[in-house]
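Colleague: Could you have a look at this structure, given as structure tokens, before my questions?
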Amino acid sequence: MQFMLLFSRQGKLRLQKWYVPLSDKEKKKITRELVQTVLARKPKMCSFLEWRDLKIVYKRYASLYFCCAIEDQDNELITLEIIHRYVELLDKYFGSVCELDIIFNFEKAYFILDEFLLGGEAQETSKKNVLKAIEQADLLQEVSHHEACIAPSGNAFLTQHSSFLIHEPTLNSHILITRNMCS
Amino acid sequence: MPAPIRLRELIRTIRTARTQAEEREMIQKECAAIRSSFREEDNTYRCRNVAKLLYMHMLGYPAHFGQLECLKLIASQKFTDKRIGYLGAMLLLDERQDVHLLMTNCIKNDLNHSTQYVQGLALCTLGCMGSSEMCRDLAGEVEKLLKTSNSYLRKKAALCAVHVIRKVPELMEMFLPATKNLLSEKNHGVLHTSVVLLTEMCERSPDMLTHFRKLVPQLVRILKNLIMSGYSPEHDVSGISDPFLQVRILRLLRILGKSDDDSSEAMNDILAQVATNTETSKNVGNAILFPLLQTDHNAVQRHRSTIVDCLKDLDVSIKRRAMELSFALVNGNNIRGMMKELLYFLDSCDPEFKADCASGVFLAAEKYAPSKRWHIDTIMRVLTTAGSYVRDDSVPNLIQLITNSVEMHAYTVQRLYKALLDDISQQPLVQVASWCIGEYGDLLVSGQCEEEEPIQVKDEVLDVLEGLLVSNLSTPVTRGYSLTAIMKLSTRFSSVNRIKKVVSIYGSSIDVELQQRAVEYNALFKKYDHMRYELRWCSTHSLLTGGRTRSHLNETGLVANLGLHSLTFMYLQLCANDLLDLLGGHDVGPVIQTALPTKPASAGGELLDLLGDLSLSGMPSMNGLKIEFTFERSNPNPNISVITIHASNTTEADMTDFVFQAAVPKTFQLQLLSPSSNVVPALNQGNITQVIRVLNPQKQQLRMRIKLTYTYKGAPVQDLAEVNNFPPQSWQ
């Protein structure tokens with residue numbers, strides 16, 4: 001995989017993971033063009049398209065597009081599964097994840113992605129193991145935080161999480177639907 | 001100094017901005033605050049500030065001033081700091097900036113940290129964005145971790161090693177010992193990443209490939225376990241156990257099994273098993289089938305009907321894939337059925353596909369045509385339905401094909417003629433048809449083909465060809481074909497006067513190409529009338545593709561195609577010498593002397609020598625300047641063709657300051673050596689030779705644009721031309 005982009009229906013970038021070295025300018029250009037291309041596609045269109053010399057695999061989950069660029073010899077179908085696995089991980093972690101979760105906790109989205117993929121390839125194929133590792137790392141973070149005797153922000157995460165009043169369609173229901181009609 | 005606002009607070013605030021300008025203002029304010037906080041070297045809030053910076057960076061704002069801060073975070077002892085620090089490094093730093101090298105030491109320390117999650121962070125960062133220098137420095141550490149018993153670290157180390165190898169391929173060897181027992185792991189994460197590592201190594205080095213072939217039985221066993229073992233909740237995806245691992249193993253097996261019978265044998269059973277056991281109603285099943293099909297081509301045939309159906313799909317990318325796959329699936333057994341579908345597709349598909357589809361049809365037909373008649377019919381169908389989309393280079397290929405099907409000549413020319421009567425707008429069709437009519441015009445009128453009615457009146461045929469000459473729809477190329485065809489018919493039809501008239505009219509055509517041809521043909525009528533019959537115009541390829549037997553001399557290859565006609569003319573003159581010998585040395589008047597490029601004149605043999613291993617190509621002579629090309633294959637590098645150009649001048653004045661320049665498409669490389677001189681003497685008293693070396697590693701059809709500049713009678717002259725009819729042997 002060369003890169004993965006998450007963006008909203010309005011084209012706002014929510015996450016960008018690059019596995020190839022490119023300048024900031026190039027990344028911006030690619031992002032702009034690719035987002036435009038994917039957003040222009042109609043709902044019934046194929047999840048795969050050829051763009052420049054890459055294969056693009058994308059899937060929309062509620063208000064978010066998950067878009068991966070893979071090389072010629074890579075398997076598009078399994079990339080779709082990878083995208084789906086990532087969404088499942090986010091869902092398990094955040095509990096019925098929605099776009100807002102990813103906006104406000106983007107760094108966590110990155111941490112989860114980095115426990116699932118490394119250098120563009122899957123490093124762990126068991127959902128359970130990825131989540132366990134994240135859990136442990138989070139714990140370590142809390143412990144080290146407390147040890148530094150800073151004003152208790154250990155609970156901040158929880159309180160902030162519960163203060164979400166804005167409602168957006170959750171991704172979870174979409175996951176169920178898509179799993180059943182996965183083709 | 002109040003504590004910097006929290007990350008989520010900032011996010012919330014920014015999202016309240018109603019305009020881009022408002023957002024920018026907020027960002028700028030926050031950036032200023034962050035900058036002063038950085039200046040104060042505040043350890044407590046550095047993490048929070050960098051996190052905020054990363055958010056703003058994602059919105060598109062510059063964040064480079066945070067780069068060093070990321071490095072400080074990485075160096076911190078707190079896990080929180082490291083987590084954000086490494087994330088920041090991956091987002092803000094890149095290997096083009098020297099700053100990233102400062103990370104190397106930190107990463108080295110963290111790779112040896114006591115906490116595996118810290119080691120994990122370091123491995124992840126190195127594996128995502130490590131530059132070549134960093135990889136070189138840290139490869140040893142990665143190799144160490146590849147041998148650890150900690151599966152959490154081992155799997156990460158494996159992928160990190162993949163990245164190191166991609167960046168610094170020479171280091172691949174050092175990871176070899178560590179791969180020894182990678183596959184004996186039970187942990188799926190380690191297995192998956194190990195297979196990725198092994199795949200990378202095998203793809204890069206044939207030696208590695210051979211070395212790892214012995215792993216085939218082990219891989220087969222692992223795959224078997226995945227399929228046979230019962231439900232495993234941890235790895236299940238829609239009823240399939242760890243499809244990610246299965247797919248990867250299949251991909252590696254395909255690589256290992258390629259061109260190795262033993263390995264392929266060992267795999268066959270399991271491949272069949274996977275194929276039968278895998279349900280394709282879900283995407284994940286298809287994901288596994290995909291690499292399987294890449295390994296076993298027979299399996300693909302089973303899916304042929306699905307693929308053919310996809311030709312009718314609405315989605316453009318699916319249609320294209322289906323088209324490419326269909327062509328790949330065509331073989332001797334299914335050619336008739338497949339071609340029916342593909343021709344139907346050609347009729348109805350979007351214009352963007354037509355050129356590729358037409359080329360594909362021609363190729364497939366050439367390989368698998370069940371009969372010559374079917375072949376010609378197929379070609380006709382393509383020319384009539386998608387004639388304007390057929391590629392330019394198809395025309396000479398088709399002509400060659402038709403020439404080879406001797407028994408079909410009558411049928412072909414009849415059909416082509418009928419097609420012309422219907423429609424003269426599709427240039428490739430018109431060009432092929434003109435050529436055939438010129439060549440086989442006698443068959444057209446003789447009524448040899450029982451199925452079609454003979455064309456009664458020869459004048460009708462000439463009407464059609466002349467019609468092409470004057471029509472607005474005809475391109476200059478097409479006009480060239482028509483004129484030549486008309487000329488050829490002068491030896492087959494009796495209406496010579498009419499033909500003479502046409503030819504002389506075009507002697508003053510504005511189109512230089514046509515004018516040139518007409519003038520030369522005129523000359524044939526005048527000076528060499530007696531030879532017109534002897535020199536029966538035959539198609540190029542019979543001579544140039546290696547037919548160098550004496551019998552061909554009688555039917556000297558007069559190339560009637562575009563661009564070669566003046567060389568043709570030169571040929572004529574050469575042949576004339578030969579034929580004079582054969583005909584018993586008639587005294588037939590003056591023969592124009594032409595400068596022979598390299599070989600000494602010797603009776604009979606010269607034509608053969610000229611052709612020899614060298615195929616001649618040429619271009620229209622421009623204002624008396626003739627350029628001739630001869631070819632040699634270079635030893636030891638077969639990808640290099642050595643082309644020698646010979647420039648000669650038939651006019652009465654010298655051409656001085658002669659410069660020859662050439663350009664080739666991007667896939668070629670060109671080297672021009674020094675010319676023999678820069679004066680082309682008048683009246684063919686000598687010529688300039690210049691050697692061109694062309695490197696053609698992709699073995700593509702050679703095309704060349706040439707530019708000639710010289711001074712003639714005091715005035716500067718410039719000529720441009722494109723040569724794209726180099727005979728295949730010169731570049732294959």
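Colleague: If you take the residues of the stretch B:103-115 that are part of a helix (DSSP H, G or I) and surrounded by fewer than 16 Cβ atoms within 10 Å (Cβ to Cβ), which of them is farthest from the other protein chains (Cβ to nearest Cβ)? Give the steps one after another, and end with the answer.
Modeller: Initially, the stretch B:103-115 is screened for residues part of a helix (DSSP H, G or I), giving B:103-111.
If we keep only those that are surrounded by fewer than 16 Cβ atoms within 10 Å (Cβ to Cβ) too, we end up with B:105, B:109.
On the way: B:N105: 21, B:N109: 17 Å.
Here the residue is B:N105.
Colleague: Within the stretch A:1-40, take every residue that is part of a loop (DSSP other than H, G, I, E, B) and among the hydrophobic types (A, V, I, L, M, F, W, C) and give me the one that is farthest from the other protein chains (Cβ to nearest Cβ). So that I can check it myself, show each step before the final result.
Modeller: Residues of the stretch A:1-40 part of a loop (DSSP other than H, G, I, E, B): A:1-2, A:9-12, A:19-23, A:40.
Now restrict to residues that are among the hydrophobic types (A, V, I, L, M, F, W, C): A:1, A:20, A:22, A:40.
Numbers: A:M1: 11, A:V20: 9, A:L22: 7, A:A40: 13 Å.
Checking each candidate, the answer is A:A40.
Colleague: Taking A:F106 as meeting all but one of (1) facing chain B (nearest Cβ under 8 Å); (2) at pLDDT 95 or above; (3) in contact with an Asp or Glu (Cβ under 8 Å, 6 or more places away or on another chain), write down the number of the exception.
Modeller: Result: A:F106 fails condition (3) only.
Colleague: Report whether or not B:E30 is more than 14 Å from chain A (Cβ to nearest Cβ), surrounded by 18 or more Cβ atoms within 10 Å (Cβ to Cβ) and within 51 Å of the chain's Cα centre (by Cα). Full working, then the answer.
Modeller: Working: more than 14 Å from chain A (Cβ to nearest Cβ): yes; surrounded by 18 or more Cβ atoms within 10 Å (Cβ to Cβ): yes; within 51 Å of the chain's Cα centre (by Cα): no.
Spelling it out, it is not the case that B:E30 is more than 14 Å from chain A (Cβ to nearest Cβ), surrounded by 18 or more Cβ atoms within 10 Å (Cβ to Cβ) and within 51 Å of the chain's Cα centre (by Cα).
Colleague: Which one of B:A63, B:A122 is at pLDDT 95 or above and either of a type in the set (A, V, I, L, M, F, W, C) or surrounded by fewer than 19 Cβ atoms within 10 Å (Cβ to Cβ) (or both)?
Modeller: On the way: B:A63 fails: at pLDDT 95 or above.
Exactly one residue qualifies, and that residue is B:A122.
Colleague: Still on this structure, I have one more. Working carefully through the options B:R83, B:R46, find the one that is modelled with pLDDT under 95 and basic (K, R).
Modeller: Values: B:R83 fails: modelled with pLDDT under 95.
Within the list B:R83, B:R46, the selection yields B:R46.
Colleague: Pull up the stretch B:72-89, narrow it to residues that are at the interface with chain A (Cβ under 8 Å from one of its Cβ atoms) and within 47 Å of the chain's Cα centre (by Cα), then point me to the one that is nearest to B:G120 (Cα to Cα).
Modeller: Top of the filtered list is B:R83.
Colleague: Considering B:L483, B:L444, B:L469, which residue is modelled with pLDDT of 85 or more, surrounded by 24 or more Cβ atoms within 10 Å (Cβ to Cβ) and either under 38 Å from the mean Cα position of the chain (by Cα) or not polar (S, T, N, Q) (or both)?
Modeller: Numbers: B:L444 fails: modelled with pLDDT of 85 or more; B:L469 fails: surrounded by 24 or more Cβ atoms within 10 Å (Cβ to Cβ).
Going through B:L483, B:L444, B:L469 in turn, the sole match is B:L483.
Colleague: Show me the helices (runs of 4 or more DSSP H) entirely contained within the stretch A:78-147 in which 3 or more residues are acidic (D, E). Write out each step before concluding.
Modeller: Working: elements: A:99-104, A:106-116, A:127-147.
The helices (runs of 4 or more DSSP H) meeting that bar are A:106-116, A:127-147.
Colleague: Further question: Looking only at the stretch B:308-324, which residues are under 19 Å from A:M45 (Cβ atoms) and assigned to a helix (DSSP H, G or I)? Can you show your working first?
Modeller: Within the stretch B:308-324, the subset under 19 Å from A:M45 (Cβ atoms) is B:309-324.
Of everything in the stretch B:308-324, those that are under 19 Å from A:M45 (Cβ atoms) and assigned to a helix (DSSP H, G or I) turn out to be B:D309, B:C310, B:V316, B:S317, B:I318, B:K319, B:R320, B:R321, B:A322, B:M323, B:E324.
Colleague: Scan the stretch B:2-25 and give yes if some residue there is within 10 Å of chain A (Cβ to nearest Cβ) and touching a Cys at 6+ places or on another chain (Cβ under 6 Å), otherwise no.
Modeller: So far as the stretch B:2-25 goes, no, none of its residues is within 10 Å of chain A (Cβ to nearest Cβ) and touching a Cys at 6+ places or on another chain (Cβ under 6 Å).
Colleague: Looking only at residues in the stretch B:504-529 that are more than 24 Å from B:A721 (Cα to Cα) and either hydroxyl-bearing (S, T, Y) or within 42 Å of the chain's Cα centre (by Cα) (or both), which one is modelled with the lowest pLDDT?
Modeller: Applying the filter and picking the extreme gives B:Y528.
Colleague: Hand me the list of helices (runs of 4 or more DSSP H) wholly inside the stretch B:201-264 holding 1 or more residues that are under 25 Å from B:V164 (Cα atoms) and within 14 Å of chain A (Cβ to nearest Cβ). First the steps, then the outcome.
Modeller: Numbers: elements: B:206-212, B:216-228, B:243-257.
By residue number, B:243-257.
Colleague: Any residue at all in the stretch A:156-178 that's in a helix (DSSP H, G or I), more than 10 Å from chain B (Cβ to nearest Cβ) and modelled with pLDDT of 55 or more?
Modeller: no
Colleague: Follow-up. Taking A:Q136, is it farther than 19 Å from A:H84 by Cβ, within 9 Å of chain B (Cβ to nearest Cβ) and not β-branched (V, I, T)? Talk me through it step by step, then tell me what you get.
Modeller: Numbers: farther than 19 Å from A:H84 by Cβ: yes; within 9 Å of chain B (Cβ to nearest Cβ): yes; not β-branched (V, I, T): yes.
In short, yes.
Colleague: Being among the aliphatic types (A, V, I, L, M) and closer than 21 Å to B:F79 by Cα is the filter here, so list the residues in the stretch B:6-50 that pass it. Outline the logic, then answer.
Modeller: Residues of the stretch B:6-50 among the aliphatic types (A, V, I, L, M): B:7, B:10-11, B:14, B:17, B:21, B:26-27, B:32-34, B:50.
Selection gives B:L7, B:V50.
Colleague: Contact list please: Cβ distance under 6 Å, first residue in the stretch B:128-156 and more than 11 Å from chain A (Cβ to nearest Cβ), second residue in a helix (DSSP H, G or I) and among the hydroxyl-bearing types (S, T, Y), pairs at least six apart or on different chains.
Modeller: Final answer for the pair search is B:M134/B:T104; B:D137/B:T104.
Colleague: Further question on the same structure: Among the residues of the stretch A:41-77, which ones are in a loop (DSSP other than H, G, I, E, B) and either more than 10 Å from chain B (Cβ to nearest Cβ) or touching a Cys at 6+ places or on another chain (Cβ under 8 Å) (or both)? Talk me through it step by step, then tell me what you get.
Modeller: Taking the stretch A:41-77 first, the residues in a loop (DSSP other than H, G, I, E, B) are A:41-47, A:52-53, A:62-63, A:71-75.
Residues satisfying the conditions are A:P43, A:R52, A:D53, A:A62, A:S63, A:E71, A:D72.
Colleague: A further question follows. Does B:L123 satisfy the condition of being within 14 Å of chain A (Cβ to nearest Cβ), out of contact with any strand residue (DSSP E or B) (no Cβ under 6 Å at 6 or more places or on another chain) and part of a helix (DSSP H, G or I)?
Modeller: Yes, satisfied.
Colleague: Please give the strands (runs of 3 or more DSSP E) falling wholly within the stretch B:682-732 in which 1 or more residues are over 19 Å from B:F629 (Cα atoms), among the aliphatic types (A, V, I, L, M) and over 20 Å from the mean Cα position of the chain (by Cα). Write out each step before concluding.
Modeller: Working: elements: B:688-695, B:704-712, B:715-723.
The qualifying strands (runs of 3 or more DSSP E) are B:715-723.
The values are calculated or read from the model by the stated rules, or taken from the named source; none is laboratory data. In this text, all values refer to a predicted model and were calculated from it rather than measured experimentally. We place every Cβ from the backbone using ideal geometry, glycine too, and count neighbours over all the protein chains shown.
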